[in-house]
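First the structure, in the form of structure tokens, and then the observations on it.
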Amino acid sequence: MSAITNHMPTEELQRLDAAHHMHPFSANGPLGRKGARVITRAKGVYLTDSEGEQILDAMSGLWCVNIGYGRDELAEAAARQMKELPYYNTFFQTTHVPAIALADKLAQLAPGDLNHVFFAAGGSEANDTNIRMVRTYWEAKGKPDKKVIISRKNAYHGSSMGSASLGGMAAMHAQGGLPIPDVHHINQPNWWAEGGDMTPEEFGLARARELEEAILELGEDRVAAFIGEPIQGAGGVIIPPETYWPEIQRICDKYEILLIADEVICGFGRTGNWFGSETFGIRPDIMTVAKGLSSGYAPIGGSIVSDEVAAVMAEVEFSHGYTYSGHPVAAAVALENLRLMEEEHMVDHVRDTAAPLVKEKWKKLTEHEMVGEAVITGLMASIALTPDKASRAKFATAPGTVGGVCRDICFANNVIMRHVGDRLVIAPPLTLTPADIDEMFVRINRSLEQATAAVKEKGLMQAAS
Ligand code: PXG
């Protein structure tokens, strides 16, 4: 395959990138000095860089390219819509066909009575909508003091002021004056790191009951909603014990707290059902969606809202919306994405074929010396790295050091995994084939072997005391 087509030499691209492009979640100085890898095109599960290297993308971009790269149907849907109606808004007594059709489609796909959609351009915006919507909802019901939203430490709900406040990322809260008022964080259901001597089941219940304790402490009359990702994604693919979500649901029902399931990663087939809420038996009042909704081919997200919440909101003039809410091109791309997912039975493929194959090989990763646990639901999975499996020890060195060493070795071996602290995670395209899976594990196993040797050589295989 011809490596470099129609673009400047890699060094020149990297020089311009370092000079003018500020990367998200990066220290741009060191990155610029090293040079970012330039990705030029992609097909299936493989990216190609400017040097012609083929990289297996086990992260679906940023957990979003669910149908895989290079689907011409989506490009054609975008082109058709751009020619027909490239933009119009739905603010002032108008609407358009792609927004109507996509809202209708989402109402069909979403579980229960989640039948109404407020569109945004991504997950952060949608969660900002949710903050304002749940508070406005309670105000309309005559309970203006119900403002507090309870979330979890190490949750990720976006990067805007509101959504990052909902998130529980300490490093994000440390910058820019977060969190906004009336957001409360309880502990996460991360048994491996925090479960101590409890069984996972006991721990799941204990962590869920922190919600009840928080409600009682804050006062039932002050709590508007609880928000959680069915599986924490950016927090390290933390799959909660089975006892966790049923108890959260019971508590939300008992105290009349709205439950927001952030399905930005878990939605659209990732867990082997259309939504993570179905996998865990959650009955949300609102679901946040983005990413897999369009498989990342166009920026679109939204809040899918229950009949009850929508009925209350229907009588309020909600002073909220984004220029690109329900953008017609993005909506047309999302519709085509969902059509292909259905026509090609991609959710069944995850559940019946891809996830079982990946699971078998993923669980075997614990045969590597420093892989403690290997957990997986559908096509999202993580491993915990440890210097001592029996005690679930942390490394003596700063958290993320060993994870970073492993990730860099994966990158050098042309497989993209993400490290979150000392966990490594994958969320590959849902369409990956048995051959892709074999190749992915050749690269992952090779990388883990090399990483174990490197960690030892650097003297990092030491447990924290
Ligand atoms: N909710 C969840 C659960 C997410 O994972 C968002 C909301 C925000 O969506 P937008 O579209 O505004 O980015 C996300 C995004 C990472 C990483 O490094 C994860 C996300 C975004 C960027 C990086 O794992 N998730």
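Is one or more of the residues making up segment 13-33 surrounded by 13 or more Cβ atoms within 10 Å (Cβ to Cβ) and within 16 Å of the ligand (Cβ to nearest atom)? Checked segment 13-33: at least one residue is surrounded by 13 or more Cβ atoms within 10 Å (Cβ to Cβ) and within 16 Å of the ligand (Cβ to nearest atom). Of the helices (runs of 4 or more DSSP H) lying entirely inside segment 10-70, the ones with 3 or more residues being in contact (Cβ under 8 Å) with a residue 40 or more places away in the chain are found at 60-63.
For segment 286-310, what are the residues that are closer than 13 Å to residue 133 by Cβ and either touching a Ser or Thr at 6+ places or on another chain (Cβ under 7 Å) or of a type outside the set (S, T, N, Q) (or both)? Please lay out each step first, then the result.
To start, the set of residues in segment 286-310 that are closer than 13 Å to residue 133 by Cβ comprises 286-288, 302-306, 308-310.
Hits for segment 286-310 are 286, 287, 288, 302, 303, 304, 305, 308, 309, 310.
Taking segment 45-62 as the range and being away from the ligand (no atom under 16 Å from the Cβ), crowded, with 18+ Cβ neighbours inside 10 Å and under 19 Å from residue 426 (Cβ atoms) as the test, the residues that pass are 45, 46, 47, 55, 56. Could you tell me whether residue 90 is of a type outside the set (Asp, Glu), farther than 20 Å from residue 436 by Cα and either touching a residue at least 60 places away in the same chain (Cβ under 8 Å) or in a helix (DSSP H, G or I) (or both)? In short, yes. Restricting segment 108-137 to residues that are in a helix (DSSP H, G or I) and surrounded by fewer than 21 Cβ atoms within 10 Å (Cβ to Cβ) leaves a set whose member that is farthest from the ligand (Cβ to nearest atom) is 108.
Of everything in segment 376-406, what is crowded, with 24+ Cβ neighbours inside 10 Å, β-branched (Val, Ile, Thr) and assigned to a strand (DSSP E or B)? Give them in sequence order. Hit for segment 376-406 is 383, nothing else.
State which residue is nearest to residue 58 (Cα to Cα) when the search covers only segment 421-445 and only residues that are in a strand (DSSP E or B) and among the hydrophobic types (A, V, I, L, M, F, W, C).
So in segment 421-445, the residues in a strand (DSSP E or B) come out as 423-426.
Subset that is among the hydrophobic types (A, V, I, L, M, F, W, C): 424-426.
On the way: 424: 11, 425: 9, 426: 5 Å.
Result: 426.
Considering segment 407-420, and only residues there that are more than 16 Å from the ligand (Cβ to nearest atom) and either out of contact with any Lys or Arg (no Cβ under 8 Å at 6 or more places or on another chain) or outside any loop (DSSP other than H, G, I, E, B) (or both), the residue that is farthest from residue 365 (Cα to Cα) turns out to be 412. For segment 249-272, the criterion of being modelled with pLDDT of 95 or more, in a helix (DSSP H, G or I) and aliphatic (A, V, I, L, M) is satisfied by at least one residue.
The values are calculated or read from the model by the stated rules, or taken from the named source; none is laboratory data. Everything quoted here is computed from the prediction, not taken from an experiment. Virtual Cβ from ideal backbone geometry, glycine too; neighbours counted across all protein chains shown.
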